[in-house]
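*Asks:* Below you will find the structure I want to go over with you.
The values are calculated or read from the model by the stated rules, or taken from the named source; none is laboratory data. Everything quoted here is computed from the prediction, not taken from an experiment. Every residue, glycine as well, gets a Cβ built from its backbone with ideal geometry; the counts of neighbours run over all protein chains shown. Ligands, DNA and RNA are excluded from the accessible area calculation, which covers all protein heavy atoms including side chains. Shrake-Rupley method; radii C 1.70, N 1.55, O 1.52, S 1.80 Å.
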Amino acid sequence: MTDTRLDRWERLLERLMGGVPYLLLAISTVLSWLTDDRAWMDHLVTLGLAALAAAWIRLMAARRPAIYVAGLVILIAVLCTRGIWFAGFFSFTGYLHSWQLLKGKWRFAGVAATAAISITAYNGGLPEPTPAGILTHVLFTAAIVAVVSLFSFVGEVTAERSAERKSMVARLEETMRENAGLHAQLLVQAREAGVLDERQRMAGEIHDTLAQGLTGIITQLQAAVRAEADPSAWRRHLDNATRLARESLAEARRSVHAVGPGKLETTPLPDALAEITAGWSELNGVRAEATTIGTVRALHPEVEATLLRIAQEALANIAKHARASRVGVTLSYMEDVITLDVRDDGAGFDPARAVDGGGFGLASMRNRVTRLAGRFEVESEPGAGTAISAAVPAILKEPFKETFEETRSV
């Protein structure tokens, strides 16, 4: 716990309070010695009693409180017979230790006994055996008891409040230490989560750019080998392979720097989707249509990049597995969502078996949509084609541009 100035003052006060009884005893003894015209023997007796009182305080205060207070009150009474100064100064030790060391009603008993002894010493002896004398003695004693009890109670409440504040500060410091530990753990977990997320992002980008590009390049090179007898066809396939290699290299560089697809930098999403669909149709010799429905709006770059990557992955899967003769890509702008549907009339598959088999393509598409709090669905069955649907929130970037329905056929 931090050592504050208030803590240092409290420790100093405790030491001073521990020395107060000895100081009061010494003052009382010196004043009694200086003001009383007694023989040296009487002064030595007083000094011996004072030394006995100091020893009693030193040895018994922390051991048996009840016996200690009883003995202290007796010593105060004896010393008061040796001089009025002991009633004026040293008797405060009786008040202080009675309230501090005793409990319950015994506190008041110790304070009342000390007050009665002090009043008796001030009056020069016991009160006169008259109602007035006795009543006066009792009233003075009761007044002293009330005042001492009040101030002692206020001090006790203050001490309790101080103890509560110390306990609260200790709990707060412990909580702060725990929070610091939790903060460190959260930083480690956040770093690990960031590393994992970056790995997943890179895996998805590599799959959507390099892997698909390499697949297309291999397909075009194989087609070029088969078309060696036809120079024009051979050249066309070779040019396609070269173009795919350059595009894949550019997309790979953009993926490393976490930049969105290059087509979206200067081209609206519907046009970029149409270009990708047309290029895919040309490479694979499959008829494909790209349709845009609704109010075209510029959306957040992450939303547009997600939909474009899903379309690329869906078309790549169709080229590899579907053996389709026709493909439809539909982009629908609605009030608060935007949907992408990719349908083909190919061989189809069992979605449950595809998920269980750990297909990275479907998992990658689903993860992209999930990160945007969207919905991803796959409908397919063997021999009946496949429909993939992705719906994500339409987070706007700019005001709407125009409303139209356009169909591009290849």
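*Asks:* So if R0 is 56 Å, what FRET efficiency would LEU12 and THR295 give, r being the distance between their Cβ atoms, rounded to the nearest 0.05?
*Replies:* Working: r = 78 Å, r/R0 = 1.39.
The value I calculate is 0.10.
*Asks:* Give me the one-decimal nm value for the distance between modelled label points at VAL30 and MET176, 7 Å along each residue's Cα-to-Cβ direction.
*Replies:* 4.5
*Asks:* In what sequence, largest accessible area first, do PHE86, PHE92 appear using a 1.4 Å probe? Display every interim value, and only then the final one.
*Replies:* Details: PHE86 0, PHE92 110 Å².
From most exposed to least exposed: PHE92, PHE86.
*Asks:* Moving on. What whole number of Å gives the distance from the Cα centroid of the stretch 325-346 to the Cα centroid of the stretch 39-55?
*Replies:* Here the two parts' Cα centres lie 109 Å apart.
*Asks:* Shifting gears a bit: Rounded if a/c is under 1.5, else prolate if a/b beats b/c, else oblate: with a ≥ b ≥ c from the C-alpha gyration tensor eigenvalues square-rooted, which is the stretch 47-112? Write down the numbers at each step before the final one.
*Replies:* Working: a/c = 2.39, a/b = 1.37, b/c = 1.75.
Oblate.
*Asks:* Which GluC sites (Glu not before Pro) does the stretch 284-366 hold that lie in a coil by DSSP with at most 13 other beta carbons within 10 Å? Can you show the working numbers first?
*Replies:* Values: sites: GLU289, GLU302, GLU304, GLU313, GLU335; in loops: GLU335.
Answer by residue number: GLU335.
*Asks:* In addition: For the residue pair ALA373 and LYS397, what label-to-label distance in nm results when each label sits 7 Å from Cα along the Cα-to-beta-carbon direction?
*Replies:* My value for the distance between the label points is 2.0 nm.
*Asks:* Moving to a separate point now. How would TYR333, TYR122 line up by accessible area, probe 1.4 Å, largest first?
*Replies:* On the way: TYR333 15, TYR122 130 Å².
The most accessible residue leads, giving TYR122, TYR333.
*Asks:* Calculated FRET efficiency, SER232 and SER325, Cβ-Cβ r, R0 22 Å, to nearest 0.05?
*Replies:* Working: r = 25 Å, r/R0 = 1.13.
Between SER232 and SER325 the formula returns 0.30.
*Asks:* Any chance you could look up the accessible area of TRP56 with a 1.4 Å probe, heavy atoms only, rounded to 10 Å²?
*Replies:* So the heavy atoms of TRP56 present about 70 Å² to solvent.
*Asks:* Could you give the accessible area per residue of the stretch 3-113, probe 1.4 Å, as a whole number in Å²? Don't skip to the answer; put the middle values down first.
*Replies:* Values: 6570 Å² over 111 residues.
Accessible area per residue: 59 Å².
*Asks:* Rounded, prolate or oblate: pick one for the stretch 12-153, where a ≥ b ≥ c are the square roots of the eigenvalues of its C-alpha gyration tensor, a/c under 1.5 means rounded, and failing that, prolate if a/b is larger than b/c, else oblate. Walk me through the numbers before you get to the answer.
*Replies:* Details: a/c = 1.84, a/b = 1.03, b/c = 1.79.
Oblate shape, in that a/c is at least 1.5 and b/c is the bigger or equal ratio.
*Asks:* Quote the accessible area belonging to LYS320 in square angstrom, nearest 10, computed with a 1.4 Å probe and with ligands, DNA and RNA left uncounted.
*Replies:* 100
*Asks:* Next question. Pop the C-beta distance of GLN185 and ALA143 into the FRET formula with R0 = 56 Å and round what comes out to the nearest 0.05. List each step's numbers first, then the result.
*Replies:* Working: r = 63 Å, r/R0 = 1.12.
Working from the Cβ atoms, E equals 0.35.
*Asks:* Ignoring ligands, DNA and RNA, what percent of the accessible area of the stretch 304-346 is carbon or sulfur (1.4 Å)? Each step should come with its number before you reach the end.
*Replies:* Numbers: 730 of 1630 Å².
After summing per-atom areas, the C and S share lands at 45 percent.
*Asks:* In terms of solvent-accessible area of protein heavy atoms at a 1.4 angstrom probe, what is the ranking of ILE57, ILE27, highest value first?
*Replies:* Numbers: ILE57 10, ILE27 60 Å².
I get ILE27, ILE57, largest accessible area first.
*Asks:* Run the 1.4 Å probe and let me know the accessible area of HIS300, rounded to the nearest 10 Å².
*Replies:* Approximately 80 Å² of HIS300 is accessible to the 1.4 Å probe.
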